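Written below as structure tokens is the structure these notes are about.
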Amino acid sequence: MNVGAAGGIRVVLAEDGILLREGLLGVLSRFGFDVVAAVGDAEELVAVVAEHTPDLVVTDIRMPPGFQDEGLRAAVAMRRVRPDLPVVVLSQYVQDEYAAALLDSGDGRSVGYLLKDRVADVRDFVAALRTVAAGGTVVDPDVIRRLLQRPNDPLATLSGREREVLSLVAEGHSNSAIAARLYVTEAAVGKHVGNILAKLNLPPAEDTNRRVLAVLAYLRA
Amino acid sequence: MPTPEAPLRALLNRRYLASAGPWRALVYVLTTLPIAAPVSAAMAVLVLPWLAALSRLVDGDLPTRNVFVLMTVSLLLFTGFGPLAAVPLAMIERGRLALIDPRPLPSAHAPAPQDPVRWVRTRYAETATWRELLYAAFLGLVVPAVYGTYALLVLLDVAFVLSPFFASSGTATWTFGVFTVRSATEALPFAVLGVLLAPVLGYLFGLIGAGQAGVARALLGDRTGVALREVARSRARLVDAFDLERRRIERDLHDGAQHRLTSLTLHLGMARLDVPEDSPAAGPLGQAHEQAKELMVVLRDLIYGIRPQELTDLGLPAALRELAGRSPLPVAVTVADGVPRPSEQIEGTAYLAASEALANVVKHSGATRADILLARAGDVLVVEVRDDGGGGADPERGTGLTGLADRVAAVGGRLLVSSPAGGPTLLRVELPWRSPGLVLPAATAPGRA
């Protein structure tokens, strides 16, 4: 699996809206992803994934025949069989429970939950796909914001800057990336992360992905 | 305005004689006369052979053949043509009942076809018609007898009261039963009795009016609640149609406009990648891209407002948590164990109620937090929204709560509000597990278990 460049990442795409499917195909091929199959419903999705064993699955949540959460259920089912299968689900709206169902599948690695709106910011979207294909976790910033807004949370004890850092951690960014975004030193970010994990009673860990998972697991609880 | 009272209840009022009651009764009884007179005449003709037969039976004889034929003919006339007169008569009487009884009296008749033959067939097959015929018989036979008796009593009382004047004129002697009055002095007790009896007669008059009105209500009204049930059903149908329409709009927007807009935005994003930063097209293209993205948010909120997809997909608990998450206030959602999914209509109404209540809390209560409780009590779905605000919510003011109460009532539920000044406010919505309306055609596949 070639992670550094998109070339060679074999993708299966599931999206029932023809216009959006064509648009996504355009984006993926432009950035060098190799789309091995593009399908319009969840059953086909499961079939082509079994056939092609792709490096990444990108799927809509709401698909035929029921137009409910077929795509998500297919994703969760496939990850039960193959827990390291990278899956990015696209949702039309923020839904914590959808994100939670997905993050609970497999060991929580190689999953992404993105709002369809993110697709419009082409570069960010592609970057998120690469992160997930490389085994990372990406949760839409809107979902993170909503989780942080929840009442009666010990999260209320976090400072504004710590919340900011937590959001970025949850989105899957490394300490250096966060430092660059917030115009602070990496050491300062490390200190914030340490404070956050301490305040939330989470064991500190080096690995970015595990930090995300730890935070999300806490948020879901 | 006091609530409309039944005539009989009005009689029990201590101030009955000073109220409008006696006057209502008077108008009602006086207007009965021109209606009862022809009915009574017709009834008398029809009853005559039966009276003849009865008198013969009392004498120990069987009715003659002629009398028997007449009896049969009168019975056939009564049952054959009676309904044709009884139905319009009942219409008049239902309208006239308003003179004494302010409570409306809906007809028990089902809507009938315009075609005369089918109209007659429908009417003859209805119980309501035969109850109306019974009322016609009551009006023709019982009413004249009662009115006559009462008239005699009134005459007697007038005679009592006036007896001293006549006695003093010395022109005649008066005999009341075993008493004979020869002078004004002897007549005095009768006069006193007459005066004392006057209010009793007043009450008796009221009683006659109320009795007649009661019979009319019992025989001419919609005892089985057909009309009301029809109203309830049509209201539920309207709500159903409204819900269906909402879902259609939501789907059209979601499957059509939202998809196209997402695709458009994606293409604009792609185009931006190809247009150099310093190109004259870069600025407008960037603006178009940003505006398209903002429009996506607007459209998503719009669709959310129509009917949140979570409600259809994941049910009430998830949708309520989502609702709480969107609220600017901290809102805790508590879902009791073992609440299965109710029907779509009930689910939609419960969600709407919680959403409306929460919007009210944010807008008016000044609360710092709110709680939503979802539970099932027997066959009732309960949604409670509490806040720690200033209270004083009043359904009489503002259309929010009234509209909500209407909406809840339309599916057979009820809305309870406790909101003392100073707070806190508790709004409780109780909905029947099954809605009274039609079963909606399944718009989507059944949700997850």
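Shown for the stretch A:24-113: the carbon plus sulfur share of the solvent-accessible area, taken with all protein chains present and a 1.4 angstrom probe, equals 54%.
So which lysines can A:Lys191 reach, going by Cα to Cα under 20 Å and dropping same-chain residues fewer than 8 places off? Hits, sequence-local ones excluded: A:Lys199. For the stretch A:50-62, the Karplus equation 6.51 cos²θ - 1.76 cosθ + 1.60, evaluated at θ = phi - 60°, returns couplings of 4, 6, 9, 6, x, 8, 7, 10, 10, 9, 6, 7, 8 Hz by residue, with Gly and Pro reported as x. Distances between placed amide hydrogens fall under 5 Å for A:Ala38 paired with A:Leu13, all partners being 5 or more residues away or on another chain.
With the cut-off at 1.5 for a/c, could you classify the protein assembly as shown from its C-alpha gyration tensor as rounded, prolate or oblate? Verdict is prolate for the protein assembly as shown. Across the stretch B:29-120, C-alpha contacts under 8 Å between residues 6 or more apart give a mean separation that, scaled by the residue count, equals a relative contact order of 17 percent. Averaged over peptide B:267-273, the number of partner chain Cβ atoms lying within 10 Å of each residue's Cβ comes to 5. Under 5 Å between amide hydrogens, built in the peptide plane, is the criterion, and for A:Val88 it picks out A:Val57, A:Val58, A:Thr59, A:Gly112 among residues at least 5 positions away or on other chains. Each peptide in B:191-201, A:66-76, B:271-281, B:21-31 was scored by the mean count of other Cβ atoms within 10 Å over its residues; highest first, the order is A:66-76, B:21-31, B:191-201, B:271-281.
Distant-in-sequence amide contacts of A:Gly136, defined by a placed amide H-H separation under 5 Å and a gap of 5 or more residues or a different chain, comprise A:Ser110. The mean number of partner chain beta-carbon atoms within 10 angstrom of a residue's beta-carbon across peptide A:62-68 is 5.
Under the criterion of Cα pairs below 8 Å and six or more residues apart, the relative contact order for the stretch B:1-156 equals 33 percent. Averaged per residue, the stretch B:112-159 has 56 square angstrom of accessible surface, using a 1.4 angstrom probe with ligands and nucleic acids left out. Each of the peptides B:108-115, A:12-19 was scored by the mean count of other Cβ atoms within 10 Å over its residues; in descending order, highest first, they stand as A:12-19, B:108-115.
Partners of A:Lys116 within straight-line reach, counting lysines whose Cα lies under 21 Å from its Cα and excluding those fewer than 8 residues away in the same chain: B:Lys293. Once C-alpha pairs closer than 8 Å and six or more residues apart are averaged by separation and normalised to the residue number of chain B, the relative contact order reads 12 percent.
Couplings 3J(HN,Hα) of the stretch B:361-369, computed from phi: 4, 5, 6, 10, 7, x, 6, 9, 7 Hz, in residue order, whole Hz [Karplus 6.51 cos²θ - 1.76 cosθ + 1.60, θ = phi - 60°; x for Gly and Pro]. The phi torsions of the stretch A:33-45, fed into the Karplus equation with coefficients 6.51, -1.76 and 1.60 and a -60° offset, translate into couplings of 6, 9, 7, 7, 7, 10, 10, x, 8, 5, 5, 4, 4 Hz, rounded to whole numbers, with Gly and Pro shown as x. For the stretch B:1-119, what does the alpha-carbon gyration tensor say about shape, rounded, prolate or oblate, given a ≥ b ≥ c as the root eigenvalues, a/c under 1.5 as rounded, and a/b over b/c as prolate? Oblate, because a/c is 1.5 or more while a/b does not exceed b/c.
Assuming charge only on the beta carbon of Lys and Arg (+1) and of Asp and Glu (-1), the dipole of the protein assembly as shown about its Cα centre is about 2080 debye to the nearest 20.
Computed about its Cα centre, the charge dipole of the stretch B:275-335 is approximately 360 debye, with only Lys, Arg, Asp and Glu carrying charge at their Cβ. Return the value, in Å² to the nearest 100, of accessible area buried between chains B and A (probe 1.4 Å, both sides summed). Answer for the B-A pair: about 3200 Å² buried. Listed by number, the DSSP H helices of chain B that run 18 Å or longer by alpha-carbon position along their axis and have mean Kyte hydropathy of at least 0.0 are B:21-58, B:65-96, B:143-169, B:184-220, B:259-274, B:282-306, B:344-360. With both residues required to sit in the protein assembly as shown, DSSP beta bridges show an antiparallel share near 50%.
Within 10 Å of the Cβ of each residue in B:288-300, the mean number of Cβ atoms contributed by other protein chains is 2. Protection proxy ranking of A:111-124, B:373-386, A:163-176, by the mean of other Cβ atoms within 10 Å over each peptide's residues and highest first, is A:111-124, A:163-176, B:373-386.
The values are calculated or read from the model by the stated rules, or taken from the named source; none is laboratory data. Small disclaimer: the values here were computed from a predicted structure and weren't measured. In this analysis, Cβ positions are derived from the backbone assuming ideal geometry, glycine residues included, and neighbour counts consider all displayed protein chains. Please note that ligands, DNA and RNA were not included when accessible areas were found on the heavy atoms of the full protein model with its side chains. Shrake-Rupley method; radii C 1.70, N 1.55, O 1.52, S 1.80 Å.
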